[in-house]
């Protein structure tokens, strides 16, 4: 028994150290491979300029701004829907409707993103083309709609789990004094599950900003700053996917590593902001 415990502790320790090492090493690898880019362009040029390789400028400004805009807007829309869905599931968890909705959300969370991309091309893009100023339907607005549907399941499941962790004593006490469902939601569920609600938003944003297939298939991938939601643009992940099949040397290829580094930093910054906000609360 003693040997089994030691073996288990050793395996867990090695696994944990491997994960920590990978998290620490990955940014270092990206920085190392990005060094040639730093020698050709300044940091402001890389972060705020457009992509003009013919002029020796490898700016990611338009891609980064596109990623942030689509990530924030889709996360905001998905958050409203997810919070409503999680609330319905919590209060109707013993009813057929609540059970079916929760199962449907779990199934949706396992659907590959390429399927959402195909659905977006078949359903969202034609609708956007006919109902908005977009001439092709391949625009940021379409990306936002598809990403919203994509991240709703993840956010809904996490918020629902957060509501489930609210102490039953608090809920029982509120109901015993005649609290309505709306009062229970505002006074008990929201304050108690605040941490999980914030984390769900960060998870949704992280997935939206790092998704590749939806943006690649629906955005139009134009080299421009996002002047309008009804015009085509390219985000960071799409840029990485489209650049990789090209040359495997030179500054353009090295800029792909810098793009990945920027993407990681965006996700890290979002998590840091969430942690600081939670501490202030």
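Set against the 2.2 N^0.38 Å expectation for a compact globular protein, the chain has a Cα radius of gyration ratio of 1.19. Ratio of Rg to Rh for the stretch 60-133: 1.08 [Cα atoms; Kirkwood radius as inverse mean 1/r over pairs]. For the stretch 13-108, the convex hull drawn through the C-alpha positions has a volume of 172 cubic angstrom per residue.
When each of the peptides 192-199, 126-133 is scored by the mean number of other C-beta atoms lying within 10 Å of its residues, the order from highest to lowest reads 192-199, 126-133.
You can think of it this way: the chain between residue 92 and residue 8 has 26.2 nm of extra reach, that is 0.36 nm per residue less the Cα-Cα gap.
Here the spin labels are modelled as points 7 Å beyond Cα on the Cα-Cβ line, and at residue 35 and residue 55 they lie 2.9 nm apart.
Quick one: angle between helix 140-164 and the longest Cα principal axis of the chain, in degrees between 0 and 90, rounded to 10, please. Between the helix axis and the principal axis of the chain, the angle is about 30 degrees. So how tilted is helix 194-210 from the main axis of the chain? Cα-based, degrees 0 to 90, rounded to 10. On a 0 to 90 degree scale, this one is about 30.
Packing around the peptides 164-174, 137-147, taken as the average count of other Cβ atoms within 10 Å per residue, puts them in this order, highest first: 137-147, 164-174.
Length gained on full extension, residue 268 to residue 106: 55.7 nm, using 0.36 nm per residue less the C-alpha separation.
Could you give the angle, 0 to 90 degrees to the nearest 10, between helix 96-109's Cα long axis and the longest principal axis of the Cα atoms of the chain? For 96-109 against the chain, the angle is about 20 degrees. With helices as the sole contributors, the chain gives -24000 deg cm²/dmol at 222 nm; each DSSP H run of n ≥ 4 counts as -39500 (n - 2.57), and the sum is divided by every residue. Approximating the spin labels as points 7 Å out from Cα along Cα→Cβ, the residue 174-to-residue 65 distance works out to 4.3 nm. When only alpha carbons of the stretch 108-237 are considered, Rg and Dmax amount to 19.2, 60 Å.
Coordinate-derived values only; no laboratory data. These numbers come from a predicted model, not from an experiment. Quick reminder, even Gly has a Cβ in these numbers, built from the backbone with ideal geometry, and neighbours come from all protein chains shown.
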